[in-house]
1. Only one of these is in contact with a Pro (Cβ under 7 Å, 6 or more places away or on another chain), in contact (Cβ under 8 Å) with a residue 40 or more places away in the chain and charged (D, E, K, R): Asp248, Asp182. Name it.
2. Suppose the filter is surrounded by fewer than 17 Cβ atoms within 10 Å (Cβ to Cβ) and of a type in the set (Ser, Thr, Tyr); does Thr276 pass it?
3. Can Leu134 be described as within 16 Å of the ligand (Cβ to nearest atom) and either out of contact with any helix residue (DSSP H, G or I) (no Cβ under 7 Å at 6 or more places or on another chain) or within 20 Å of Met83 (Cα to Cα) (or both)?
4. It is to be established whether one or more residues within the stretch 77-92 are away from the ligand (no atom under 15 Å from the Cβ), among the β-branched types (Val, Ile, Thr) and surrounded by fewer than 17 Cβ atoms within 10 Å (Cβ to Cβ).
5. If we scan the stretch 58-75, do we find a residue that is modelled with pLDDT of 95 or more, within 27 Å of Ala243 (Cβ to Cβ) and assigned to a loop (DSSP other than H, G, I, E, B)?
6. Can you tell me which condition Leu202 does not meet? The list is (1) at pLDDT below 95; (2) surrounded by fewer than 19 Cβ atoms within 10 Å (Cβ to Cβ), and all the others hold.
7. The conditions are (1) more than 16 Å from the ligand (Cβ to nearest atom); (2) among the aromatic types (Phe, Trp, Tyr); (3) at pLDDT below 95; (4) surrounded by 14 or more Cβ atoms within 10 Å (Cβ to Cβ), and Trp215 fails exactly one of them. Which is it?
8. In the stretch 272-299, how many residues are touching a strand residue (DSSP E or B) at 6+ places or on another chain (Cβ under 9 Å) and assigned to a helix (DSSP H, G or I)?
Amino acid sequence: MRRRPGHQERPGASRCGGLDTALWDVVGQAVGLPVSQLLGKQHRTTVRPYCTAMYRKDWPDLAAGLCEEALSWKQQGFRTVKMKIGYTPETDIRLVRAVREAIGPDMGLAVDANCAYSVGDAIALGRRLEEFNLLWWEEPIMASDLSGYARLHGQLRIPLAGGETLLADALIRDYIQPRLVDILQPEVELIGLTGARRITPLCWLNHLQLVPHNWGTAVRTAAILQWMATVPPLTPALEACPATFEFDQTESPFRDAVVETGFRLGPDGSITIPRTPGLGVRVVPEALEQFRAELIEIR
Ligand SMILES: [Mg+2]
């Protein structure tokens with residue numbers, strides 16, 4: 001986990017987001033209610049996720065390969081796709097231009113640089129990326145470079161996104177209250193659903209869109225879906241800032257294997273939020289055992 005040097009969390013701040021989320025599941029199952037109903041007011045029953053894929057591959061022509069991949073996600077029903085950048089500024093421009101031309105103007109496109117650039121390079125590159133009508137630029141610079149984000153925010157016309165590596169206190173203090181980014185991408189494994197419940201109204205009050213980070217198994221997707229049910233619309237517009245979250249589509253042997261039923265897009269590109277008790281997924285212990293590398297006993 002990347003953290004700001006010298007950063008101090010609130011005493012007692014939890015990093016056990018997974019355990020916290022599991023306890024919400026236990027309570028939901030005990031009282032026979034979906035976790036979303038325990039978290040707060042219900043704002044939606046479905047969510048349209050965006051596709052995360054489009055990583056570097058060992059293709060002879062990377063641009064052509066990415067274009068083909070992007071079109072396949074479009075065919076599978078995704079309305080938005082996110083691609084990796086952060087190669088070099090020239091390569092990034094070439095790849096984003098190729099993908100935008102391939103998918104056309106009506107599909108959402110976002111980019112993620114995974115903190116690849118310095119502020120100066122990010123400003124120069126960002127101005128060149130503006131023509132591609134990007135939904136957001138994720139982690140253009142180090143997550144800890146708060147003044148750098150403030151500089152970028154003032155100089156670029158692309159919405160900025162970030163926050164996937166931070167705990168709830170840091171998100172609130174450094175990102176939400178100063179409105180450092182346009183889109184906050186908290187990781188439920190780090191903040192837990194208790195942290196999610198804390199930051200959701202704060203994001204709404206500070207006019208930040210919540211687009212949760214998501215990686216790993218369908219259990220995490222289930223937790224995010226319960227959370228998304230309770231995220232209030234950012235504006236009263238019908239289509240502006242639609243609720244969405246990351247739906248990792250990279251190859252993964254265990255994403256769906258550890259649950260009885262994984263999540264698939266419906267015909268309209270959305271996923272229905274489970275209404276069964278708890279998180280709404282059933283873990284398959286035998287499948288989990290196949291992928292277990294370490295046993296942690298809680299007594
Ligand atoms: Mg990212």
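1. Asp182
2. yes
3. Working: within 16 Å of the ligand (Cβ to nearest atom): yes; either out of contact with any helix residue (DSSP H, G or I) (no Cβ under 7 Å at 6 or more places or on another chain) or within 20 Å of Met83 (Cα to Cα) (or both): yes.
Yes; evaluated as a whole, the condition is true for this residue.
4. Looking through the stretch 77-92, at least one residue is away from the ligand (no atom under 15 Å from the Cβ), among the β-branched types (Val, Ile, Thr) and surrounded by fewer than 17 Cβ atoms within 10 Å (Cβ to Cβ).
5. No, the conditions are met nowhere in the stretch 58-75.
6. (1)
7. That leaves (1) as the condition not met.
8. Within the stretch 272-299, residues that are touching a strand residue (DSSP E or B) at 6+ places or on another chain (Cβ under 9 Å) and assigned to a helix (DSSP H, G or I) number 1.
The values are calculated or read from the model by the stated rules, or taken from the named source; none is laboratory data. As the structure is a computational prediction, the values presented were derived from the model and not from experiment. We place every Cβ from the backbone using ideal geometry, glycine too, and count neighbours over all the protein chains shown.
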